[in-house]
Amino acid sequence: MPDPLRILVADAVAAEGVERLRRGSGRPGAPAPIVDVRTGLSEDELAAVIPDYDALLVRSATTVSRRVIEAAGRLRAIGRAGVGVDNIDVDAATDRGIVVVNAPTGNTVSAAELTIAHFLALSRHIAAADASLRGGAWERSAYLGVELRGKTAGVVGLGQVGGAVAHRLLGLEMTVLAYDPFVADERARLLGVELVSFDELLARSDFVTLHTNLTPGAPPLLGRDEFAAMRPGARLINCARGALVDEAALIEALDSGRIAGAGLDVFSAEPATGNPLARHPRVVVTPHLGASTQEAQERVAIDVAAEVLQVLDGRPASTAVNAPFVDPETLEAIGPYLTVANTAGRLVTQIAEGRWQSLRIEYRGEIADHDVSALKAAAVAGLLAPISEEHVNLVSVNKVLHARGLHLVEEKSDDAGLYANLITVRLRTDAGESYVSGALAHGEPHIVEIDGFRVDVAGDAYHDGHTHVLILHNEDRPGRVGAVGTALGEIGVNISAMEVGRQDTAADAGSAIMVLTVDRQLTPAEIDALAAIPGIDDVRQAEI
């Protein structure tokens, strides 16, 4: 009989998760794992004991650093009982062939229900009325509320939590609008909500609730202009991320009466005990309780335990953050192109406009003779990376596409034109189609075509996903490149690389593209200044 597997639980997780680990995979003849619960270990202590374990399970308290991972002799899986994996060095784990798994959906119901609690608390002044009565007052007339029935709720983001919130709001007989350019119309139809533009959602909604991500370095989703555009007397709920809201602008809107109230579970800096919003009379606050229910803690513990056991049993895990399961022969053939597919997907998301409708991935050349499932997963992972924390792998990719109502077509061809292999990711929206093609040159990924413009943007700098790129469409006449370079120099932005390209078709004669690698992200005002240069038709900013 083989020796039992050993699993270390380094943070406090629900007992149900530990028990699930101890039951093991259930495979006949396999001994039950030995599960040790040892919480509060320092980095030194964890590095000292980790060589004895096949798997490690943590929450957020324990940091799984590169040092810890490199000290592991037989570690095969790291599980995070929750969504985020910021406390785990995923790159180090990938380098060592260790699969990192999480529990991305375990908190969905709890987060959605807390959001509904904020809707009700705001509409009926629950917190203020409770404090008043506890203080000895009986002030019924001071807390005149509003009914939710018949009101319009605007849901920003129709992912797992946003969709669950929308479903519950419909049960409260509210009219539900939604803004999410990264889901197809089919997703909204299934939920029974109306997809609208962001501006229309702000103008029509009595309540606005946020359930989306924010690109690192981007300005808050809601600032002074957005609060001014909201319906007078509207209310805001944010149980997603504090950075989505300009808190100073929110205080101004509350003080002026433009916004009648806000329900907040998240803040720009936490703990938020010194935040003035926590004491504002028109705000209901909770200390980041979205996942703080008994059921959620049990669910994430059980979910991640099951995923860890899948990995230890040699089977694919649906929540693997970092590891596609590909046989060695296929991986040798397509492995170098995983980064190409991921980068093409990442870039097309950032240059496309409009609401997503369908996706097409084309594999051309020798790679078309192989199983391209891992390339599909890599392309979709790149597509979602700028706008979502969803992790995509071979097991989850079709489920992710279905959840967004995104129809996928794949095409294979032996003809890659000038290249040995070529991968093209085409994203169709209600505003048209955008596409990006990538290839390898000297072992490095290159972007070789953007919307019909031939370019050659080397990829050695963007393996970490944080290279800043500007893409400008311009009139093909002398002086445009110089004008852009001068404008960037005046605002102190260095250009580390530049590529220009033309379209071959007669219909687009006189049109060209510039792709510039720069040393920082530009502000919206700086982007507008570039777009105002004569002969510059369009400016897009991306991170790849």
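Quick notes
- From the options Leu144, Leu133, residue that is more than 20 Å from Arg235 (Cα to Cα), open to solvent by 30 Å² or more (accessible area, probe 1.4 Å), without any contact (Cβ under 8 Å) to a residue 60 or more places away in the chain and among the aliphatic types (A, V, I, L, M): Leu133
- Scanning segment 72-90 for residues that are in contact with a helix residue (DSSP H, G or I) (Cβ under 8 Å, 6 or more places away or on another chain) and acidic (Asp, Glu) turns up just one, Asp89.
- Where Ala188 falls short, out of the listed (1) crowded, with 17+ Cβ neighbours inside 10 Å; (2) part of a loop (DSSP other than H, G, I, E, B); (3) modelled with pLDDT under 95: (2)
- Just one of the listed residues (Ala164, Ala184) is out of contact with any helix residue (DSSP H, G or I) (no Cβ under 9 Å at 6 or more places or on another chain), in contact (Cβ under 8 Å) with a residue 24 or more places away in the chain, among the small types (Gly, Ala, Ser) and over 20 Å from Leu202 (Cα atoms), and it is Ala184.
- For segment 295-354, the tally of residues that are without any contact (Cβ under 8 Å) to a residue 60 or more places away in the chain and hydrophobic (A, V, I, L, M, F, W, C) stands at 4.
- The listed residue being within 30 Å of Ser123 (Cα to Cα) and either open to solvent by less than 60 Å² (accessible area, probe 1.4 Å) or of a type in the set (Phe, Trp, Tyr) (or both), out of Gly354, Gly290: Gly290
- In segment 245-263, the residues that are open to solvent by less than 30 Å² (accessible area, probe 1.4 Å) reach residues that are β-branched (Val, Ile, Thr) with C-beta atoms within less than 6 angstrom, at least six apart or across chains, in these pairs: Ala253/Ile259; Ala262/Val283; Gly263/Ile237; Gly263/Val284.
- Looking only at residues in segment 150-185 that are over 23 Å from Asp430 (Cβ atoms) and under 21 Å from the mean Cα position of the chain (by Cα), the one that is surrounded by the fewest Cβ atoms within 10 Å (Cβ to Cβ) is Gln160.
- Residues that are surrounded by 15 or more Cβ atoms within 10 Å (Cβ to Cβ) and touching a Gly at 6+ places or on another chain (Cβ under 9 Å) number at least 1 in the following strands (runs of 3 or more DSSP E) confined to segment 378-485: 421-429, 432-441, 444-450, 453-458, 468-475.
- Counting only residues that are farther than 17 Å from Gly263 by Cβ and touching a helix residue (DSSP H, G or I) at 6+ places or on another chain (Cβ under 7 Å), segment 227-245 holds 1 of them.
- Helices (runs of 4 or more DSSP H) (entirely within segment 1-101) containing at least 2 residues that are charged (D, E, K, R), within 30 Å of the chain's Cα centre (by Cα) and within 19 Å of Ala305 (Cβ to Cβ): 15-23
- Among the residues making up segment 54-68, those that are more than 14 Å from Val13 (Cα to Cα) and open to solvent by less than 10 Å² (accessible area, probe 1.4 Å) are Ala55, Val64, Val68.
- Of all the listed residues (Ala71, Ala81), the sole one being aliphatic (A, V, I, L, M) and open to solvent by 30 Å² or more (accessible area, probe 1.4 Å) is Ala71.
- Qualifying residue in segment 322-345 (condition: within 23 Å of Asn398 (Cα to Cα), among the aromatic types (Phe, Trp, Tyr) and assigned to a helix (DSSP H, G or I)): yes
- Selection within segment 517-544: residues that are of a type in the set (Val, Ile, Thr) and in a strand (DSSP E or B). The member of this set that is farthest from Ala497 (Cα to Cα) is Ile536.
Conditions (1) in contact (Cβ under 8 Å) with a residue 24 or more places away in the chain; (2) within 20 Å of the chain's Cα centre (by Cα), marked per residue:
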residue	(1), (2)
Ser396	yes, yes
Ile423	yes, no
Gly432	yes, no
Leu440	yes, no
Glu444	no, no
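The values are calculated or read from the model by the stated rules, or taken from the named source; none is laboratory data. Predicted, not measured: the structure shown is a model, and the values here were computed from it. FYI the Cβ positions are ideal-geometry reconstructions off the backbone, even for glycines, and counts take in every protein chain you see. For accessibility, only protein heavy atoms count, side chains too; no ligands or nucleic acids. Shrake-Rupley method; radii C 1.70, N 1.55, O 1.52, S 1.80 Å.
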